[in-house]
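Before any comments, here is the structure.
What follows draws every value from the coordinates through simple rules; no lab data is involved. The model shown is predicted, which means the values in this text are computed figures rather than measured ones. All Cβ positions, even for glycine, are placed from backbone atoms using ideal geometry, and neighbour counts span all protein chains on display.
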Amino acid sequence: MNLHPHLYLYPMETGGFCSLPALRRRIGQGRSRQWWEAILRHADSCRVLPPWTPATPLPGRSEESLRHANRDARLIVAVGNRLLNSALAFLLTDKRDYLDSVWRQIEVLFDPRYWPDWRDLAPSHQAMPADLRTGYLGKMIAITYDWIEPVLPSADRSSLLQGLRDRAFNPFWQAVEQRVGWVNGRTNWMTCIVGGLGIAAMALEGEVERMEELQQFSLERMVRYLGEYGPEGEFNESPGYSTAMRFPVEYFLARRYHTGGADDALTRHPFPAFCRWLRHVTLPSGFLVPFGDTSLHNRSLSSFLFAIAQATRDPVIQWQALRAVERTPPDEEPSAFDLLWFDESLPAQPPPADEPLGRLFPAHSAIVASRSSWQEPDAIAVVGKGGHGQEAHGHHDAGTLCLGAGGELLITEPGIIPSYPNDFFGPNRYAYYNASVQGHNVLQFGDQEMRTGSQFRARFLEACFDNRRGAVWQVDTTALYENVHSVRRTVVHLLPGIVAVLDEARLSNTVLLALRWHIADPGDAPNPAGFSIRSSRAALAFQFADLEDKPVEMELRRHRYSPPFDRSRLGDPLPQKNEPFVEIRRPDDRCRWLTLFSVRTNRSDSARWQRDSRNRWSIETPHGIAKVAVLNRRLTVNYEGASAQGWDLTLSPP
């Protein structure tokens with residue numbers, strides 16, 4: 001298709017597609033006007049700024065990236081936003097200043113004095129002809145070309161197309177010839193590079209050689225990739241990497257425009273189901289649960305959610321996308337895609353009353369989640385997982401859980417390592433506490449790590465959800481360990497904020513048993529008699545009990561990277577975050593350990609757990625006196641005088 005523009009935007013009115021005339025009308029009102037004004041402000045600021053290079057100190061870039069002039073992800077995304085926002089400003093205003101701003105940035109991107117390479121400086125990236133940066137920049141420049149091609153002088157068109165050959169397409173085909181892993185991979189690398197340059201091929205069809213071949217090459221792999229999602233929409237990597245759903249959405253939406261509507265994949269699996277999965281792995285704070293390689297402040301992106309909402313006409317996904325917008329920092333660069341893909345006519349509706357507050361997603365990481373509300377800003381959420389020994393961007397964390405309230409995490413985890421070391425995706429991965437069993441809220445036996453391999457998988461023995469009571473799940477992680485007879489964790493969430501966690505294990509021999517709980521704030525000095533954890537908006541009463549009444553040690557400790565496993569991939573020292581955790585330990589060949597949490601959205605609430613008898617505890621809450629009892633193989637969690645609204649479980653022997 002030689003029409004320009006034709007990716008995500010048509011020059012004339014066409015039913016069911018975004019067009020320049022319709023967009024000009026829409027930007028005069030409502031939320032579209034707010035986005036347009038933000039895009040225009042951003043484009044105006046870019047007009048007077050020099051083009052960005054790997055040495056530009058943009059907000060959010062690390063000191064390490066600046067010191068080494070690395071082509072980090074933050075820089076690459078910022079460059080893409082600058083190109084598209086300025087190009088869109090030109091299309092809607094016809095002001096040449098915006099076009100000149102676009103061209104200055106493109107010229108610098110092709111200038112080896114400023115951008116000698118389009119790859120990350122990490123040795124693993126440099127060993128390949130093309131990497132994530134190649135795919136992302138190639139895509140964004142090609143989309144920009146599609147939008148502004150009609151007004152580009154012939155010499156500029158030729159220069160841009162030759163630059164893309166040299167910097168994107170030739171390295172890509174070299175990687176294909178070398179059979180680099182991502183070429184036929186099933187992760188975000190493939191969708192970013194193969195999918196990204198597949199979009200570029202749609203933009204440049206008939207103008208650069210082999211573009212039809214590249215379109216077919218990318219389509220085969222992107223269609224196959226959709227089969228990687230679980231039946232309930234489960235993403236096949238860690239929650240933090242689920243923001244990479246933008247790549248398939250961008251790809252298949254580009255195909256819809258490129259084919260004139262012949263392909264509308266966003267209405268089909270896995271896209272709508274993925275949105276439901278994403279709602280459950282997103283905490284009330286708006287951040288994704290920090291399992292595996294996930295930042296503590298990873299947010300879901302709004303733009304691809306708007307695209308799926310528009311395609312499916314689903315008001316709940318529209319609501320979900322707008323929630324993501326509300327949680328976007330005010331100083332973050334606007335995205336042209338938000339404006340193009342937002343449908344002002346589609347109403348936004350929160351999940352209906354019968355939408356489950358809890359759910360198990362058994363595929364891939366096997367995440368299980370329960371929350372007190374979908375809408376309240378102070379909602380309480382408990383998120384756990386099953387997992388297996390070969391998750392993409394996963395850790396040795398099978399059975400773990402996190403607990404959040406009032407928009408903040410109280411029981412948390414270290415999440416992603418600050419900067420991937422060169423050996424992090426090799427045999428030394430678990431020498432770093434972020435990936436090790438040491439960095440997670442699970443049992444540890446001596447210095448043993450969990451087993452690595454897809455055949456070692458946790459099993460959910462039970463998962464029950466009730467919008468009136470909460471949730472119960474029991475996960476068996478025996479297969480993840482060596483020399484153990486059984487390892488089980490039972491979790492009970494009694495709405496809104498009572499959580500009981502029973503850990504049971506039987507081993508083949510005596511080792512040092514340890515259980516760690518990573519906490520947001522040390523609060524009181526930890527002791528088995530109970531203590532408090534506080535955030536700026538919530539409080540948590542913590543109680544530990546050994547159900548066999550054996551003595552344990554409890555200590556507040558902090559993580560630290562130690563040589564030689566304390567260096568980033570560029571050789572700089574890793575930042576020492578010194579995350580706090582409570583460690584409970586004793587030598588034995590078995591344990592039955594109970595941890596109780598009572599979460600309050602009033603941080604000044606000072607209620608503590610009381611031990612009523614040997615295996616009975618209670619605590620005052622705004623919803624009544626909560627009671628927990630473990631008698632033989634029976635676990636009950638309820639409010640006094642309201643047993644019908646609580647949980648009464650009979651536990652099978654471990």
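Compute the projected area of the convex hull of the Cα atoms of region 358-605, averaged over all viewing directions, and report it in nm² to one decimal place.
13.3
Quick one: which of 82-89, 343-350, 582-589 comes out on top by average Cβ neighbours within 10 Å, and what's the full order, highest first?
Highest to lowest by the protection proxy: 82-89, 582-589, 343-350.
Taking Cα pairs under 8 Å and at least six residues apart, what relative contact order does the chain come out at, in percent?
Once divided by the residue count of the chain, the mean separation gives 9 percent.
Could you give the alpha-carbon Rg of region 20-341 over 2.2 N^0.38 Å, rounded to two decimals?
This ratio for region 20-341 stands at 0.95.
Only four residue types carry charge here, +1 at the Cβ of Lys and Arg and -1 at the Cβ of Asp and Glu. Report the dipole size of region 358-605 about the Cα centre in Debye, rounded to the nearest 20.
In debye, rounded to 20, region 358-605 gives about 380.
Charges at C-beta only: +1 for Lys and Arg, -1 for Asp and Glu. How large is the resulting dipole of the chain about its Cα centre, in Debye rounded to 20?
Using Cβ point charges on Lys, Arg, Asp and Glu, the chain gives about 800 debye.
Can you order the peptides 494-502, 612-620 by their average number of other Cβ atoms within 10 Å per residue, highest first?
Output ranking for 494-502, 612-620: 494-502, 612-620.
Rank by packing, highest mean first: peptides 315-321, 387-393, with packing defined as the count of other Cβ atoms within 10 Å averaged across residues.
Taking the mean over residues of other Cβ atoms within 10 Å, the ranking is 315-321, 387-393.
Can you give me the orientation-averaged projected area of the convex hull built on the Cα atoms of the chain, in nm²?
That works out to 28.2 nm², a quarter of the Cα hull's surface.
Report, to the nearest 10°, how far helix 96-109 tilts away from the longest principal axis of the Cα atoms in the chain, using its own Cα long axis and a range of 0 to 90°.
70
On alpha-carbon atoms, Rg over Rh for region 448-497 using Kirkwood Rh?
Taking Rh as the inverse mean 1/r over Cα pairs, Rg/Rh reads 1.12.
Mind giving me the FRET efficiency for PHE460 and THR510? R0 is 25 Å, r the Cβ-Cβ distance, nearest 0.05 is fine.
0.30
Using a cut-off of 13 Å between alpha-carbon atoms, which aspartates and glutamates can reach LYS627, once sequence neighbours fewer than 8 places away in the same chain are excluded?
Those aspartates and glutamates meeting the cut-off are ASP612, GLU640, ASP648.
As a check on your grasp of the helix formula, calculate [θ] at 222 nm for the chain: sum -39500 (n - 2.57) over DSSP H runs of n ≥ 4, divide by the residue count, round to the nearest 500.
Counting only the DSSP helices, I get -9000 deg cm²/dmol.
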